[in-house]
Amino acid sequence: MTNESIGVTNEMDKTNETGIRLTKRDINKSFILWWLICEISNSYERMQSVAFCASLSPILRKLYRTKEELSQALTRHLNFFNSQGTWGSLIHGITIAMEEQKANNGKIPENAITGIKTGLMGPFAGIGDTIDWGTLKPIIFALACSFGATGSVFGAFIPFLFTIVTVIEGYYLWNFGYSVGKESVKSILQSGWVKELITGASILGLFMMGALAASFVKLDIPLTINIEGGEPLKVQALLDSIAPGILPLLVTFSIYWYLKKRGQNFTIILLSILILSLAGSYIGLF
């Protein structure tokens, strides 16, 4: 007997023990629910747990036919949960696969399902934040700004690319997590490709941030130094001859230093930029 036939036989044994089998429609319906409500129910007490439970509730109702079993399943998914909405979808897929196995053969303990969720929500939140929010979104929105600055109508529609990309990404991860179950964790975290992806995304993000700083951060010094017997020396021209764009670079690094050393208080940053800009313009420094 071939490996394929053994795999098919095992799958049939798993799904036919109690006659409960999830369909592609069930999986996709659960994903759509999560995508629509994942950030709606956030609270400091449980964060995304209500949305997590609600997105799985149609599947749990199908898997658990008795009121007691359904109540236990809903209760365990109301525990604290917080991860990145897109990459966290992999956890949902794994959880659905484990719940299906538990409903069919009862061999998976409840704390194993809870432990998988608790152990993975942090790592995948970091991966998702780095790739989606830290790299993809700045690149796509910077592209939109570039089109918008030239008056192109495409600048208004390019940001929707981020939504399209993340929906496709989340859909794939949701179904991938379900198809390979908890073994997907080993294949993803141990294969090393995630580390390479994050490294590449970080390098690309640094290039993009440098380009954005040079293009959109504007700071000029209109001061001139009078030299006896010669032409006045323009301070800005002198700085540009040393390193073009050095002032925007210093502003960017100053903000980065503040974020890293003093905390992420964006209100203080915005007010400081506004006050310094107005004061510098008033006295003729900027």
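Each value in this text was obtained by applying a stated rule to the coordinates, not by laboratory testing. Owing to the predicted nature of the structure, the values given are computational and were not obtained by experimental measurement. Here Cβ is always computed from backbone atoms with ideal geometry, including for glycine, and neighbour counts include all displayed protein chains.
Some values worked out for this structure:
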quantity	calculated
Reciprocal of mean inverse Cα separation for segment 220-283 (Kirkwood radius, Å)	13.9
Cα gyration tensor shape for segment 50-149, rounded if a/c is under 1.5, else prolate or oblate	prolate
Gained length - Ala156 relative to Trp133, 0.36 nm times residue gap less alpha-carbon distance	6.4 nm
Among the listed pairs Lys137/Lys218; Lys117/Lys260; Lys67/Lys107; Lys24/Lys102; Lys29/Lys117; Lys234/Lys260, those beyond 24 Å (Cα-Cα)	Lys117/Lys260; Lys234/Lys260
Modelled FRET efficiency - R0 41 Å, Lys62 with Glu39, Cβ distances, 0.05 increments	0.95
Vicinal HN-Hα couplings computed from phi for segment 265-275 (Karplus, 6.51 cos²θ - 1.76 cosθ + 1.60; Hz; Gly/Pro x)	9, 6, 4, 5, 4, 5, 5, 5, 4, 5, 5
In Hz, Karplus ³J(HN,Hα) per residue of segment 153-163 (6.51, -1.76, 1.60; θ = phi - 60°; x = Gly, Pro)	5, 4, x, 7, 10, 4, x, 5, 4, 4, 5
Amide proton proximity set for Phe81, modelled H, under 5 Å, gap of 5+	Gln48, Ser49
14 Å beta-carbon shell around Gly128, net charge (K/R +1, D/E -1)	-3
Long-range HN-HN contacts of Lys234 with modeled amide H, under 5 Å	Ile225
